[in-house]
1. Holding the Cα-Cα limit at 21 Å, pick out from K296/K533; K420/K533; K276/K533; K164/K207; K164/K244 the pairs that are longer than that.
2. Full extension from A472 to I429: what is 0.36 nm times the residue separation minus their Cα-Cα distance, to one decimal in nm?
3. Could you list I33, I80, I107 in order of exposure, starting from the residue whose Cβ has the fewest other Cβ atoms within 10 Å?
4. Answer rounded, prolate or oblate for segment 434-534, using the Cα gyration tensor with square roots of eigenvalues a ≥ b ≥ c: rounded when a/c is under 1.5, else prolate when a/b is larger than b/c, else oblate.
5. Shape verdict for segment 148-194, please, from the Cα gyration tensor: rounded (a/c under 1.5), prolate (a/b greater than b/c) or oblate.
6. Using 7 Å Cα-to-Cβ label points, what is the E514/D394 separation (nm, one decimal)?
7. Give me K332, K459, K121 ranked fewest to most by other Cβ atoms within 10 Å of their Cβ, as a rough exposure proxy.
8. With θ set to phi - 60°, apply the Karplus curve 6.51 cos²θ - 1.76 cosθ + 1.60 along segment 381-389 and write out the HN-Hα couplings as whole Hz, x wherever there is a Gly or Pro.
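Read-outs throughout are calculated quantities, based only on the coordinates presented, and are distinct from any laboratory measurement. Note that this is a predicted model, so its numbers are computed, not measured. Virtual Cβ from ideal backbone geometry, glycine too; neighbours counted across all protein chains shown.
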Amino acid sequence: MKQQQYKVGIYVRLSKDDERAGESLSIENQKLILRKYVEEQGWTEVESYIDDGYSGVSFERPAVKRLIEDAENGKINLIICKDLSRFGRNYIQLGQYIDYIFPMNNIRFIALSDNIDTLDKDSSAMDMMPIVNIFNEWHSAATSKKIKAVYKANAEKGKNMAPKAPYGYLRGDDENHTLLINEETAPIVRRIFEMYSIGNAPLTIAKTLNEDGILCPSEYHYQKFGTFRHANCNRFWSREGVKKMLINPAYIGNLSQMRSTTVSFKNRKTVHNNEKDWVVIENAHEAIISLELWEKCMEVKRRTATGKSQKGDRTMPLSGLMRCADCNTTMKLNMNNTTNGSKKNPRLYMRHNYTCGSYARSGKMACASHYIRLDEITQIILNDIRAKATLVLDNEKKARLLFIKNKADVSDKQINLDKKELSKSEKRIVQLNGLIQNVYEDKIIGKIPENVCINLLEKYQDEQKNLTERVAELKISLEQKSQDERDVDEFIRRIKRYSEVEELDRAMAIELIERIMIGDRDVEEREIHIYYKLLGNFAQ
């Protein structure tokens with residue numbers, strides 16, 4: 001019988017985890033063993049297929065995909081690898097290839113160290129193959145768990161494991177790879193946060209940086225350090241890139257890790273972890289921006305009004321802040337160009353106005369126009385800001401009490417009563433714990449009968465339950481009142497600067513105003529309510 005002529009494809013693989021095993025699993029060692037075996041058998045090696053740095057759990061590997069394609073096209077008819085785990089660690093997919101795909105294409109498969117040869121289907125090694133496959137997959141699962149545990153332990157110790165530092169920083173050479181400020185790019189980071197804090201949208205920031213010729217992070221790292229860059233990489237600042245920077249706590253000195261993970265050791269798709277699962281080390285390195293600037297940017301991010309850019313990427317001061325009092329829709333800014341004067345010397349001016357968004361889109365059947373001129377509402381807001389600033393400067397203590405009462409709608413007397421009730425309730429809970437313990441002891445030594453014991457316990461425990469619930473309510477209420485006071489103090493700090501303000505700009509509007517509710521103008525007394533951040537609606 002004439003021996004079949006085999007065209008051999010040698011497959012070798014080394015993952016990053018396998019590198020720890022040393023030379024025995026190295027690419028060169030695998031090729032040496034396999035080539036020697038092929039020569040001893042008198043076969044012809046067609047090609048070596050190498051996946052260096054790839055996990056065996058997934059079959060989405062460039063070399064293994066090319067290997068299978070060549071086998072199906074008849075370029076090779078025998079695949080040989082050092083052991084089953086080199087070819088793959090997913091027992092379901094591995095079984096599909098060995099039991100179905102390879103036999104359909106008349107492909108012989110050999111895993112040398114495991115004595116597996118699909119030509120000898122009755123061998124004990126072939127009988128044990130499913131178990132070997134399962135063990136190999138289990139090994140991957142166990143290794144994945146160990147790696148994650150080590151990663152988390154290192155994160156909790158404050159070790160920075162990111163391969164590259166965030167833009168604005170350099171990766172330190174110390175044991176923890178502590179982030180160091182890059183004096184060349186840190187000013188750009190500060191500029192981005194400062195622009196955002198005064199109301200510039202991420203897209204506007206990106207456009208400005210591009211126009212100023214500032215290299216984006218990927219291009220900067222490529223030109224400065226020669227780091228890898230994808231051929232289709234966008235070499236300009238983008239909205240998404242700016243947005244990612246604006247939520248990175250590294251810039252206030254916090255090292256946050258474990259922010260993402262993979263679906264499983266089989267599915268390497270990245271998913272975001274809940275914030276409670278992050279490992280955060282505060283003050284792990286020097287901050288680029290102040291905590292005050294960070295909080296200001298977070299406040300801008302939390303607000304519902306983002307604002308739209310007009311021509312020239314300029315965002316109008318009240319953009320996104322004006323709302324219809326009847327349908328709560330954002331008001332639409334209309335920019336009307338009007339010429340005034342003689343033909344010889346025409347004067348061009350813009351008369352802007354706001355109308356209800358529903359009315360602008362769908363007409364008067366949807367809502368009334370709520371028309372108001374921009375200069376009119378701007379003057380109303382400026383007058384109100386100046387009045388509140390003056391109130392604070394004239395008598396800050398009185399203004400503070402008025403603001404707190406307006407915000408919490410509760411008197412100082414009620415706060416004192418709540419504190420006294422809280423203290424009294426907490427003391428009574430401690431007493432009840434002692435009483436309940438005494439009842440148990442009296443029952444055990446026979447001082448009181450069982451029915452009396454049960455009645456007393458039910459009474460004490462009911463009282464204790466009600467007091468515990470009340471204590472929780474009081475604590476929440478007092479904490480809210482305390483937060484109200486902190487909010488008022490921050491509002492006072494902000495408003496003081498604007499007692500003589502002459503012009504309303506975007507930064508001022510973003511810092512002070514939550515929203516402006518515009519009532520219908522076709523009523524006897526039109527209502528306009530300004531809701532301030534940290535204060536709410538306060539009418540003097």
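1. Details: K296/K533 12 Å; K420/K533 31 Å; K276/K533 27 Å; K164/K207 25 Å; K164/K244 15 Å.
Check vs 21 Å cut-off fails for K420/K533; K276/K533; K164/K207.
2. Contour length minus Cα-Cα distance gives 14.2 nm.
3. Working: I33 17, I80 26, I107 20.
Least to most surrounded, the residues fall as I33, I107, I80.
4. Working: a/c = 8.11, a/b = 3.31, b/c = 2.45.
Here segment 434-534 falls in the prolate category.
5. Because a/c hits 1.5 or more and a/b exceeds b/c, segment 148-194 counts as prolate.
6. Label at E514, label at D394, 2.5 nm between them.
7. K121, K459, K332
8. Couplings: 5, 4, 4, 5, 4, 4, 5, 5, 4 Hz.
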